[in-house]
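Enquirer: Take this structure, written in C-alpha cells, and hold onto it; I'll ask about it next.
The values are calculated or read from the model by the stated rules, or taken from the named source; none is laboratory data. Just so it is clear, the model here is predicted, and its values are computed rather than measured. Please note: Cβ atoms are built from the backbone with ideal geometry, for glycine as well, and neighbour counts cover all protein chains shown. With ligands, DNA and RNA removed, areas are computed over all heavy atoms of the protein, side chains included. Shrake-Rupley method; radii C 1.70, N 1.55, O 1.52, S 1.80 Å.
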Amino acid sequence: MNSSSEVLIIGGGAIGLATAIELAGQGVQVTVLSRNFQEAALQAAAGMLAPQAEGLAPGPMLDLCLQSRRLYFDWTTRLTTLTGLETGYWPCGILAPRYAQDLGSMQQGQGREWCDRTSIHHHQPDLSAEVIGGWWFPEDAQVNNQQLAQVLQQAAHQLGVNLQEGVTVESFSRQGNCLDQVNTNLGPWQAQTYLLCTGAWAGELLPIPVIPRKGQLFAVQAKGSPDHLQPLRHVLFGSEVYIVPRQTGRIVVGATNEQVGFAPHNTPAGLQSLFTAAMRLYPPLQEFQLESYWWGFRPTTPDELPILGESPYDNLLLATGHYRNGILLAPVTAQLITQLIVTGESELPLTPFSWQRFLDGRLVGK
Ligand code: GLY
C-alpha cells in the first residue's frame, strides 16, 4: 500500500494541478497521480482564454468561464510570485475576423465590439483582403499553456504536493458507497477523498459520458527584426482556424476538432486544413518558419459542459469534461472544488455541472 494522503488527485493536467495547489495552499495534504504529465490537454492546447470569442451561450457555463477569466491575472501573478517563473499570461484581446459568407449578426453586445473593414485592418495589418469586418473581444486573453504547465508543476512541488508520474490508475475498489482504494500499475493507493481529473480518459474509470475530441495544431516562428518580432497584436479567432501569437515571436495555430477516439498522430488532412485556413486568414504566415506540430485530446461531454462536484461515491469528486475551456476554467474549478472538499459546499452552485444530468439518458451519447 502506498502512503495515504488526505486528498488523492487522479490526473496531472490543468485541473488536477491547479486544484492540488489550491488545496495545498490551505494546508491539505495532497498526492497527484499522473500517467504522463505530457499527455494532458494542457500541454497540447493553444492557451486561449476566450469565453466570448468561443461564443458560449448565456447561462451557467458562460458565467463560470467569465468568473475564471476574472481570476486569471491574480492567479497567474500568485503562481509567478511563488515560483519565479512566468506563465505568459497576456491580456491581448481577441479579434474574430469575418468573411462575407460567415457574417452573422453585427449587434453589439457586452464585452464585444463590431469592427468594420477599415477598423479591423487597422487593428491588425496584413489580414486577408477577404476580411470584411469582425468582432473585437477586448477582455479575452491568452496564457502560454506550456509555460503554465511548468509553473503548475513547480508550484505544486514547492507547496509539498506529492507528484507521482508513471502511475496508471486501473480500477477503483469500493466498500459500500465509498472508494476504499485506487488500484494502479504500482499497487494500491488510499486517501480520505479522491478527485478524478483525468480529462478525456475519465470515461475509462467511471461510466460517465466523457469522450475525446482530437485537436491538431502547429506552430511557426514569425519572421521580423528583433524589435518587431511578433507582427500579430492579438489572438485571431477565425471561423475556420485560430492563430495565437506569443510575445516570443512564436505563433500557434489550431485546431481540428475530430471525433476519432484516441487515434494518435498528426495527419496530412488535418494539417492541410489548418495550413489552408491560416494562410487564408493571415497571408504573411505562409512565409514563416514551420516549427512543430502536435495533437491532443479534449475531454468532451454530450452537452459540452464540464462535470464538477459529486460522483456516485461519497468520497469521490469529479472535475473533468472541460472540453475547449480547461485552461480557462482551471482557476475557478480549483477554487470551487477546494471549497467543496474543505467546507462541504462551493460558493457557486455546481448543480448545472452535476454528473446526474446524464442519468436519464437523454444526453448520453449525443
Ligand atoms: N480552446 C480551443 C480548442 O479547444 O481548440
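Enquirer: How much accessible area per residue does region 279-325 have, in Å², with a 1.4 Å probe?
Expert: Value for region 279-325: 39 Å² per residue.
Enquirer: A further question on this structure: What translational D, rounded to a whole number of µm²/s, comes out for the chain from Stokes-Einstein when the hydrodynamic radius is the Kirkwood one over Cα pairs, at 10 °C and 1.306 mPa s?
Expert: The Stokes-Einstein estimate is 75 µm²/s.
Enquirer: Kirkwood Rh over Cα pairs of region 160-244 into Stokes-Einstein at 37 °C, 0.692 mPa s: D in µm²/s?
Expert: Roughly 187 µm²/s, to the nearest whole number.
Enquirer: Mind running the shape call on region 295-366? Use the C-alpha gyration tensor, a ≥ b ≥ c as the square roots of the eigenvalues: rounded below 1.5 for a/c, prolate if a/b tops b/c, oblate otherwise.
Expert: oblate
Enquirer: So, one more: Please report the net charge: other residues with Cβ closer than 12 Å to the Cβ of residue 30, K and R +1, D and E -1.
Expert: In short, -2.
Enquirer: With viscosity set to 0.692 mPa s and temperature to 37 °C, compute the Stokes-Einstein D of region 68-200, Rh being the Kirkwood radius across alpha carbon pairs; µm²/s, no decimals.
Expert: The calculation lands on 171 µm²/s.
Enquirer: Also: Classify region 218-277 as rounded, prolate or oblate from the Cα gyration tensor: take a ≥ b ≥ c as the square roots of its eigenvalues, call it rounded if a/c is under 1.5, otherwise prolate when a/b beats b/c and oblate if not.
Expert: It is prolate, given that a/c is not under 1.5 and a/b is the larger ratio.
Enquirer: Identify, among 110, 269, 158, the residue whose Cα sits farthest towards the positive end of the charge dipole of the chain, taking +1 on the Cβ of Lys and Arg and -1 on the Cβ of Asp and Glu, with the dipole about the Cα centre.
Expert: Farthest towards the positive pole: 269.
Enquirer: Could I ask something else about it? If you take the square roots of the eigenvalues of the alpha-carbon gyration tensor of region 123-195 and sort them as a ≥ b ≥ c, do you get rounded (a/c under 1.5), prolate (a/b over b/c) or oblate?
Expert: Prolate shape, in that a/c is at least 1.5 and a/b is the bigger ratio.
Enquirer: A follow-up question, please. Could you report the accessible area of residue 126 in Å², rounded to 10, computed with a 1.4 Å probe on the protein chains as they sit in the structure?
Expert: Approximately 100 Å² of residue 126 is accessible to the 1.4 Å probe.
Enquirer: Considering only the other residues whose Cβ falls under 12 Å of the Cβ of residue 172, what net charge follows from Lys and Arg at +1 and Asp and Glu at -1?
Expert: Computed value for this residue: -2.
Enquirer: If you average the C-alpha positions of region 310-332 and of region 157-202 separately, how far apart do those two centres end up, in angstrom?
Expert: 15 Å
Enquirer: Could you please state how large a percent of the accessible area of the chain is carbon and sulfur, counting protein chains only and using a 1.4 Å probe?
Expert: The C+S portion of the solvent-accessible surface of the chain is 50 percent.
Enquirer: Contact order normalised by length for region 240-322, with contacts defined as Cα pairs under 8 Å and 6 or more residues apart; what percent is it?
Expert: Rounded, it is 20 percent for region 240-322.
Enquirer: What percent do you get for the relative contact order of the chain when only Cα pairs under 8 Å and 6+ apart count?
Expert: Contact order relative to length: 24 percent.
Enquirer: Would you be so kind as to identify which of 143, 123, 83 lies farthest towards the positive end of the dipole of the chain, taking Lys and Arg as +1 and Asp and Glu as -1 on Cβ and the Cα centre as origin?
Expert: Of the listed residues, the answer is 123.
Enquirer: Follow-up question, since we're still on this one. How big is the gap, in Å, between the Cα center of region 215-274 and the Cα center of region 1-54?
Expert: If we compute the Cα centre of each part, the gap is 25 Å.
Enquirer: If you don't mind, there's one more thing I want to ask. In the chain, what % of DSSP beta bridges are antiparallel (nearest 5)?
Expert: 70 percent
Enquirer: Between residue 85 and residue 129, what length comes free when the chain is fully extended (0.36 nm per residue of separation minus the Cα-Cα distance, one decimal in nm)?
Expert: Contour length minus the Cα-Cα distance gives 11.9 nm.
Enquirer: Grab the Cα-Cα distance for residue 100 and residue 351, subtract it from 0.36 nm times how many residues apart they are, and report the gain in nm with one decimal.
Expert: Separation in residues times 0.36 nm, less the Cα-Cα distance, equals 86.3 nm.
Enquirer: Rolling a 1.4 angstrom probe over the protein chains, ignoring ligands and nucleic acids, what is the accessible area of residue 201 in square angstrom, nearest 10?
Expert: So the heavy atoms of residue 201 present about 40 Å² to solvent.
Enquirer: Angle check, please: helix 60-83 long axis (alpha carbons) against the longest principal axis of the chain (alpha carbons), in degrees 0 to 90, nearest 10.
Expert: In the chain, helix 60-83 runs at an angle near 80 degrees to the longest axis.
Enquirer: Considering region 1-82, what Rg and Dmax in Å follow from its alpha-carbon atoms?
Expert: 15.2, 47
Enquirer: Per DSSP H run of n ≥ 4, the term is -39500 (n - 2.57); total these for the chain, divide by its residue number, and report the mean residue ellipticity at 222 nm rounded to 500 deg cm²/dmol.
Expert: -8000 deg cm²/dmol
Enquirer: Which whole-number value in Å³ per residue fits the convex hull of the alpha carbons of region 60-143?
Expert: So the per-residue hull volume is 115 Å³.
Enquirer: Give me the net charge of residue 69's neighbourhood, meaning all other residues with Cβ under 10 Å from the Cβ of residue 69; Lys, Arg count +1, Asp, Glu -1.
Expert: -1
Enquirer: Name the residue from 195, 96, 181 whose Cα lies farthest towards the positive end of the charge dipole of the chain, charges +1 on Cβ of Lys and Arg and -1 on Cβ of Asp and Glu.
Expert: The residue sitting most towards the positive pole is 96.
Enquirer: Another one. Rank 194, 323 by accessible area, highest first, at a 1.4 Å probe radius?
Expert: The ordering from most to least exposed comes out as 323, 194.
Enquirer: Another question, then. What's the magnitude of the charge dipole for region 19-142 around its Cα centre, counting Lys and Arg as +1 and Asp and Glu as -1 at the beta-carbon? Answer in Debye, nearest 20.
Expert: I would put it at about 200 debye.
Enquirer: How big is the charge dipole of the chain about its Cα centre, in debye rounded to the nearest 20, if each Lys and Arg gets +1 on its Cβ and each Asp and Glu gets -1 on its Cβ?
Expert: 440 debye
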